[in-house]
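Every read-out reported here was derived from the displayed coordinates using simple, explicitly stated rules and does not represent laboratory data. All values derive from a computational prediction rather than experimental measurement. All Cβ positions, glycine included, derive from the backbone under ideal geometry; neighbour counts span all protein chains shown.
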Amino acid sequence: MARGNGPNGDEFADALSGSALAATESAPVVLTDNTVASKTADFLKENMSDKTVITALGGTAVVPAVIVDSPLRYLTRTSK
């Protein structure tokens, strides 16, 4: 998860460098800003599993913890 638009204008560098890691893991880079957009939320709901690892590219100084943690609510846990 990387911030696509931020106060410094250079946040794209985190997404750009993180894309190499994403490629090795066959994982997406999810761009966000101050909120998780509805289409992004839809993507996360459809593609996250209990094995999903969310990495804040640039850390929580760039992507606030509330944004990093918000996709966790999309996980649906069922008991067997």
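Stretching the chain fully between Tyr74 and Thr35 yields a gain of 12.6 nm (0.36 nm per residue, less the alpha carbon separation).
For Leu31, the residues whose modelled amide H falls within less than 5 Å of its own, excluding neighbours fewer than 5 places apart on the same chain, are Ala2. Between Ala61 and Phe12, full extension at 0.36 nm per residue minus the direct alpha carbon distance yields a gain of 16.2 nm.
Taking label positions 7 Å along the Cα-Cβ direction at both Ala22 and Asp50, the computed distance is 2.7 nm, reported to one decimal.
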